[in-house]
Amino acid sequence: MLAGAILDSSGTRILLARRARPVELAGLWELPGGKAEVGETDEEALRRELAEELGIAVGVEFELRDQVVLSDELVLIARWARVIAGEPTAREHQAVRWVDAEELSTLCDEGRLVPADTVWVPELVARLRRA
Ligand code: 523
């Protein structure tokens, strides 16, 4: 399972997407992504998922520090990525938005992020502030 911390061109904001399903997660914000298919590398899977879900092409960079075990078969990994082409559009989500370090921290504190994604907030906030 791959999630992308997608950086904007200024390097100070990342993209969040608001989930439409399942009911337990609907309305919460996440780093967009999806499952790798058999034979795909992490990088290919993330590029495909982001093209399908948001209509953007991204360059995929390094992996963030933490991984989250969601179930026996599902481990969530986050990769840093940059938009190469396209304007992010919510095709499968309720909405998308760019957030800076402060907005990301606030959403996290208010419990408005998908629970698993909160593990990356300290690293993301530090990287966005350094930009
Ligand atoms: N998460 C999650 N955070 C996060 C993502 C992209 C996914 O916690 N940033 C969880 C939510 C679900 C599981 O991972 O429990 C599968 O995510 P989903 O539904 O976005 O993956 P898809 O789109 O590959 O799944 P299917 O459409 O069901 O194949």
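The values are calculated or read from the model by the stated rules, or taken from the named source; none is laboratory data. Note that the coordinates shown come from a computational prediction; the quantities given were computed from them, not determined experimentally. No Cβ is skipped: glycine too gets one built from the backbone with ideal geometry, and neighbour counts run over all protein chains shown. Side chains included, ligands, DNA and RNA excluded: accessible areas come from the protein's heavy atoms. Shrake-Rupley method; radii C 1.70, N 1.55, O 1.52, S 1.80 Å.
Quick notes on this one:
- Just one of (1) within 14 Å of the ligand (Cβ to nearest atom); (2) assigned to a helix (DSSP H, G or I); (3) open to solvent by 70 Å² or more (accessible area, probe 1.4 Å) fails for L124. It is (3).
- Cβ pairs under 7 Å, 6+ apart, first in the stretch 120-131 and on the phi < 0 side of the Ramachandran plot and in contact (Cβ under 8 Å) with a residue 12 or more places away in the chain, second among the hydroxyl-bearing types (S, T, Y) and outside any helix (DSSP H, G or I): L128/T12; A131/T12
- The stretch 51-74: number of residues that are open to solvent by less than 50 Å² (accessible area, probe 1.4 Å) and assigned to a strand (DSSP E or B): 6
- Here is the figure for the stretch 81-96: residues that are more than 14 Å from the ligand (Cβ to nearest atom), among the hydrophobic types (A, V, I, L, M, F, W, C) and either open to solvent by 70 Å² or more (accessible area, probe 1.4 Å) or closer than 19 Å to V119 by Cα (or both) total 1.
- The stretch 50-107, residues that are small (G, A, S), out of contact with any Leu (no Cβ under 6 Å at 6 or more places or on another chain) and touching a residue at least 60 places away in the same chain (Cβ under 8 Å): A81, A90, A95
- Residue check for V38: away from the ligand (no atom under 11 Å from the Cβ) and either of a type in the set (F, W, Y) or within 12 Å of the chain's Cα centre (by Cα) (or both): no
- Among the residues making up the stretch 19-38, those that are under 22 Å from I84 (Cα atoms) and either outside any loop (DSSP other than H, G, I, E, B) or at pLDDT below 95 (or both) are E30, G33, G34.
- Of all residues in the stretch 13-50, those satisfying the criterion of being surrounded by fewer than 21 Cβ atoms within 10 Å (Cβ to Cβ), within 14 Å of V114 (Cβ to Cβ) and in contact with a strand residue (DSSP E or B) (Cβ under 8 Å, 6 or more places away or on another chain) are R18, R19, G27, L28, E30, G34.
- Residue check for V99: farther than 23 Å from A20 by Cβ and touching a helix residue (DSSP H, G or I) at 6+ places or on another chain (Cβ under 8 Å): no
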